[in-house]
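The values are calculated or read from the model by the stated rules, or taken from the named source; none is laboratory data. Computed from a prediction, not measured in an experiment: that's the story for all the values here. Positions of Cβ are backbone-derived with ideal geometry, glycine not excepted, and every protein chain shown enters the neighbour counts.
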Amino acid sequence: MNGSYTAKDLYKWIEEDESMIYLDVRNEEDFSRFSVEGPNEISLINIPYFDFIENPSLASARLPKDLPIRVICAKEGSAKFVAETLEQQGFADVLWLQEGIVSWGNVLIPKQIPTLSNYNLWQFNRPGKASCSYGLLSGRELAIFDASRNVDFYLSFAKKLGVEISHVFETHLQADYISGGPRLSEKAGVQYLAHEEDYSGSHVNYRPVQDGEKIVMNNGTGPEILVTHSPGHTPGSTTYVIDEKFMISGDTVFIVSVGRPDLGKKVVEWASRLYETLKHRIGVLPDSLLVLPGHYTDWENESDDDFIIMNDFATVKQINEKIYSIDDEEEFIQFIVENMREQPAVYNEIRKVNAGLIAPSDDEQNVMDLGKNECAASHMLN
Ligand SMILES: [Fe+2]
């Protein structure tokens, strides 16, 4: 009898570089749109499910018999069927992914970031989206930044620690994934904190954050969260500086590249604001700050040895010297324009969901929310 595995297992095997074959049995179109990627290279093979129905022995013959096979499909039924077929064909170690590719798209991997202080910080990496949310714990208060729509994850994370979610922050109105922020704040019974330049036209119940505002956790005894308005990627983009040590930068500063300011179709105006932000608002922050971004593009250049997507601001500026060294606004706008590319059509719809203007069904949201982000201003800087 074959068994199943979870998206969490899948991440662990990739991180530990286990020798396995990942067999995706979705059709070629869905596979080319979105497939499993992680911190290490994997052997990923796409053989559509119908090939196993039509000719099981021929389809199976395309796979090596001496390695474990981990089957992936859209929902889980076809992966289970293919796993059974492979067993009948003499494969010994075959497992199928529970709840299909959507569970991979939604899985969050918590990584604790050393703070050397009396508070704790986690990066919740969402490998299916190449995005990160964050948790900051002080005493019994847990602040969440940029929650994904897997709201139950944060609630049970807090429950396991025996603490309460105290703040729900958003760095900006996201275009590439459906935010869990409004729902999480509602379930936790706390305010949703976001910038009015992104949310004033929304139907979301939020409390506006102010540039320069300082929020101190745990009745004034915990870490200070400094609100820094950093417009460009969106007009309301906000960077949260924690305890003068960490910069939760949303889609303003990435480890590689910066957040693209062309998603709102006002490229010159927003690029000009991003230039101002990078020069005079973010660029002046200390080099020692550790950058915790909202997204990454590739693990190899952006994660540290512990698979945390983080680097100090001095190194980040060095990596992206091409961007940070531009001292002329026109030149900066030109750089952005030259690096512009299409944005996925679904981004417009996702923005509307995040602004509370439309409310698709859960299944529709699952489809909208699947796929890697396209938030960086340039794919390759060198
Ligand atoms: Fe974004």
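Restricted to the range 338-381, and to residues there that are in contact with a Ser or Thr (Cβ under 6 Å, 6 or more places away or on another chain), at pLDDT 90 or above and assigned to a loop (DSSP other than H, G, I, E, B), the residue that is farthest from P293 (Cα to Cα) is G356. With respect to N320, is the statement that it is touching a Phe, Trp or Tyr at 6+ places or on another chain (Cβ under 9 Å) and either within 15 Å of the ligand (Cβ to nearest atom) or aromatic (F, W, Y) (or both) true? Taking the combined requirement at face value, the residue does not satisfy it. Give the range 205-263 a look and list any residue that's of a type in the set (A, V, I, L, M) and part of a loop (DSSP other than H, G, I, E, B), or say none. Of everything in the range 205-263, those that are of a type in the set (A, V, I, L, M) and part of a loop (DSSP other than H, G, I, E, B) turn out to be V209, I255, V256, L263.
So that you can scan it fast, the table gives a plain yes or no per residue for (1) surrounded by 21 or more Cβ atoms within 10 Å (Cβ to Cβ); (2) over 17 Å from E37 (Cβ atoms); (3) in the same structural domain as C132 (by TED's automatic domain parsing):
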site: R62; (1), (2), (3): no, yes, no
site: R70; (1), (2), (3): yes, no, no
site: K75; (1), (2), (3): no, yes, no
site: A79; (1), (2), (3): yes, yes, no
site: V82; (1), (2), (3): yes, yes, no
site: E87; (1), (2), (3): no, yes, no
site: D93; (1), (2), (3): no, yes, no
site: W96; (1), (2), (3): yes, yes, no
